[in-house]
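Trainee: I have a structure I would like to understand better, so I am pasting it below and will then ask my questions one at a time.
The values are calculated or read from the model by the stated rules, or taken from the named source; none is laboratory data. Quantities reported herein were computed from a predicted structural model and do not represent experimental measurements. No Cβ is skipped: glycine too gets one built from the backbone with ideal geometry, and neighbour counts run over all protein chains shown.
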Amino acid sequence: MQNEDPRVARTRAAVLGTAADLVVEGGPSALTVDAVVARSGVAKSTIYRHWPTRDDLVRDVFQFCAPTPASPEPDLGFEQALRLFLHDLVAQLSDPKWARMLPALLALRAYEPTMSAVEEQVDAMHRQVTEELFARGEREGLFGRDLDHQRAIALLIGPLIFALITGETPLTTDLADASLHAFMAGLRARP
């Protein structure tokens, strides 16, 4: 939306920010068009012009708040690029709003059909970045094409997600570094 009218962009940001606040404060059921209208001051007709259904608004609010991975600089080696990726993920997951939205997202995926589309889009963004990262590792000879990238990412970010969901261990860059260290040790130990 590069050429978007600034007024439309402000309205969109106000609606999505308000919708996110409602989900954080009251869970998915608190997100209604009437509640967004009451809190944001944006007219109901304007909201329906941009989001014809509540499902459309739910989908966009989670896309608006979902962590978006950044691609590390292309000249970095695999391990350093992966470390930066994990540190960036920790910073994004540590956002209090996202940490409080994740349980709502997990609850919604059980009964909201729009959530599968959101998850697919978020997964596609992550997959693009991670495929680029693992291509570096292949070029460096750390592993071959037989490495299951999805499983490798699950092993790397699993501890971070566990920390986020349970709160039993702090979600820090030290945890990300420990996860990376264990992953790299596992790679080096492979026959």
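Trainee: Out of ARG10, ARG59, which single residue is surrounded by 14 or more Cβ atoms within 10 Å (Cβ to Cβ) and without any contact (Cβ under 8 Å) to a residue 60 or more places away in the chain?
Mentor: Just a single option satisfies the conditions, and that option is ARG59.
Trainee: Checking ASN3 against (1) closer than 20 Å to CYS65 by Cβ; (2) of a type outside the set (Gly, Ala, Ser); (3) without any contact (Cβ under 8 Å) to a residue 60 or more places away in the chain: exactly one of these is not met. Which one?
Mentor: (1) is the only condition that ASN3 fails.
Trainee: Would you tally the residues in segment 143-191 being exposed (fewer than 14 other Cβ atoms within 10 Å of the Cβ), part of a helix (DSSP H, G or I) and charged (D, E, K, R)?
Mentor: Adding up the residues that qualify gives 3.
Trainee: Return the only residue of GLU112, GLU119, GLU140 being surrounded by fewer than 17 Cβ atoms within 10 Å (Cβ to Cβ) and at pLDDT below 90.
Mentor: Working: GLU112 fails: surrounded by fewer than 17 Cβ atoms within 10 Å (Cβ to Cβ); GLU140 fails: at pLDDT below 90.
Checking each option against the conditions leaves just GLU119.
Trainee: Can you tell me which condition VAL58 does not meet? The list is (1) in the same structural domain as MET125 (by TED's automatic domain parsing); (2) modelled with pLDDT under 85; (3) not acidic (Asp, Glu), and all the others hold.
Mentor: Of (1) in the same structural domain as MET125 (by TED's automatic domain parsing); (2) modelled with pLDDT under 85; (3) not acidic (Asp, Glu), only one is false for VAL58: (1).
Trainee: Oh, and also: Which residues, counting only those in segment 34-50, are touching a residue at least 12 places away in the same chain (Cβ under 8 Å), over 21 Å from PRO96 (Cβ atoms) and crowded, with 17+ Cβ neighbours inside 10 Å?
Mentor: VAL42, ILE47
Trainee: Quick check, is GLY137 out of contact with any Leu (no Cβ under 6 Å at 6 or more places or on another chain) and either aromatic (Phe, Trp, Tyr) or not in a helix (DSSP H, G or I) (or both)?
Mentor: no
Trainee: Out of curiosity, is GLY17 modelled with pLDDT of 85 or more and surrounded by 13 or more Cβ atoms within 10 Å (Cβ to Cβ)?
Mentor: For GLY17, the condition - modelled with pLDDT of 85 or more and surrounded by 13 or more Cβ atoms within 10 Å (Cβ to Cβ) - is met.
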